[in-house]
Amino acid sequence: MERALSAPGKLFVSGEYAVLWGGVARVAAVAPRTGAYVRRRVDARVHVCLEEGTLAGSVTPRGVAWAREVPAGFSFVARTLDEALRAHGRASPGFDFAVAPSAVGPNGQKLGMGGSACATVLAAEAARYVLEERFDALKLALVSHSLGQGGKGSGGDVAASFAGGVLRYRRYDVATLAEASNGSRLRAALAEAPAVDVWRLPTPRVSMAYAFTGESASTRVLIGQVEARLEEAGRRAFVSRSDALGQAIEDGLGGSDFQAFSEAVAAQHALLLELGPLETEGIRRILAIAASYGCAGKQSGAGGGDGCILFAPDDAKRAELCQGLAARGFHTLTLSPEAGVRGEAQLDPRLRTWVDALV
C-alpha cells in the first residue's frame, strides 16, 4: 500500500492576530505545493525521511517509540504520527513517510508560507490512509500542530493547507482533543468534537501575488511578544476592528470596487502595526512599490519578516508589479487559489529514492 500526496502553502489575507483571540481570518491556499510519499511496511518500523536525514522508530498504540530524541526539523511530523497512532489505538504495521523540502527563496531562506502546517497536514492524511482509518485528518492536524508549537498559533495555516481555496476561518479549540490524547481516548474525541469553523469563499476576481522580503520571521516569538503587550480589553477592541476590515476585504475580493478594496487592505495593515514593530524595511519598500503601481498589499502573517500578499485589479497590472519588484531584488510569486491536500498520480522521484534506501 502506497500513496503520493501534495498540499499547498498558505498566506493570510486578513485577520492575523485577531484570529488568536476569537476573531475571523481569511486565508488563501497557494502554490508552491509540497509533495509527500507514504508506503506501508511488513514490520512495525516507522521511518520519517526529510532532506536533512531520517528518523526511525517503532509503532505502538501510544504513538511511535522513536529510536532517538526527535530533532527540531522532524518535530511536527513526528508529533502528528504519534497522534495518529494514538487515534488508531491498536497494533498495526509500520510505514515509511517522506516529505519534500519546503519552498525557499533565492537566498535559501523559507518563504513564510506555512511549511510546518503543510507537513503536519501531509503527515495526518498519510497516516490516516496507511492505517486505513476514518478519523478527521483536519482535526488531528490542528491538535498536532498546536501541541507542536506549545499551544501558539491559530490553525489557519493548517486549515488552508488541508481544505484549499480561500477560506474564512475561526480558531478551533483543541484543548479537549489534547486532553483526550493524554487520556487514551483520542479516537472517540475526534469523532465527538464539533466541526471546524471553516468556509470556502468564491474564487477571487482580483489578481494576487506574493513578494518575499528576504528575511524569515519566527511566528511563535512574535505572537508571544504581542500577547505580552496587549491585555484582554485591547484584544477585544482589536478583534472588533479587524473583523470589520476582514469583511470589507472579503467583499472586495469579488473585484467590484478595487479602490474601496485597496483602502480596506491598507487599513488592515495599519491595524496590525498598532500591535508593535512588526513592519520591516523590506515590507515598507514592497508596499510602497505596490502602491506606485496602483496595487494594494499588506504583510501576510505575523510580520517581522517573511513577505506581503499583494493585489492587483487584473493580471496585466500584476505582471507589471511583479516585474517592478523583481527589478528591485524582491522574489515574487503570482498566486491563484490551490486545492487542498490530495493524492497525486506523479511522485517526486527523490521521495521514492529516500524510501527505497531504507532497510
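I'd like the full set of residues that are without any contact (Cβ under 8 Å) to a residue 60 or more places away in the chain and either surrounded by fewer than 18 Cβ atoms within 10 Å (Cβ to Cβ) or assigned to a loop (DSSP other than H, G, I, E, B) (or both), limited to the range 102-129.
Result: V104, G108.
Among the listed residues A65, A56, which satisfies the condition of being surrounded by fewer than 22 Cβ atoms within 10 Å (Cβ to Cβ), closer than 25 Å to V174 by Cα, without any contact (Cβ under 8 Å) to a residue 40 or more places away in the chain and touching a strand residue (DSSP E or B) at 6+ places or on another chain (Cβ under 9 Å)?
After ruling out the rest, the residue left standing is A65.
For a quick check of your reading: which helices (runs of 4 or more DSSP H) sit entirely within the range 265-359 and have at least 2 residues that are open to solvent by less than 50 Å² (accessible area, probe 1.4 Å) and not aliphatic (A, V, I, L, M)?
On the way: elements: 281-292, 315-327, 349-356.
It comes to 315-327.
Output the residue which, of all residues in the range 211-258 that are at pLDDT below 95, in contact with a Lys or Arg (Cβ under 9 Å, 6 or more places away or on another chain) and in a helix (DSSP H, G or I), is most open to solvent (accessible area, probe 1.4 Å).
Among those that are at pLDDT below 95, in contact with a Lys or Arg (Cβ under 9 Å, 6 or more places away or on another chain) and in a helix (DSSP H, G or I), it is R220.
Pairs, please: C-beta under 8 Å, at least 6 apart or cross-chain, first residue closer than 23 Å to R39 by Cβ and in the range 331-357, second among the aromatic types (F, W, Y)?
Pairs that qualify, where the first residue is closer than 23 Å to R39 by Cβ and the partner is among the aromatic types (F, W, Y), are G340/F162; V341/F162; L347/Y37; D348/Y37; L351/Y37; R352/Y37; V355/Y37.
With A345, A339 as the choices, which residue is more than 23 Å from the chain's Cα centre (by Cα) and closer than 25 Å to A4 by Cβ?
A345
For the range 151-173, name all the residues that are surrounded by fewer than 21 Cβ atoms within 10 Å (Cβ to Cβ) and within 14 Å of T80 (Cα to Cα).
none
The values are calculated or read from the model by the stated rules, or taken from the named source; none is laboratory data. No experiment lies behind these values; they were computed from the predicted model shown. Heads up, the Cβs are rebuilt from the backbone with ideal geometry, glycines too, and the neighbour counts pull from every protein chain shown. Accessible surface areas use protein heavy atoms only, side chains included; no ligands, DNA or RNA. Shrake-Rupley method; radii C 1.70, N 1.55, O 1.52, S 1.80 Å.
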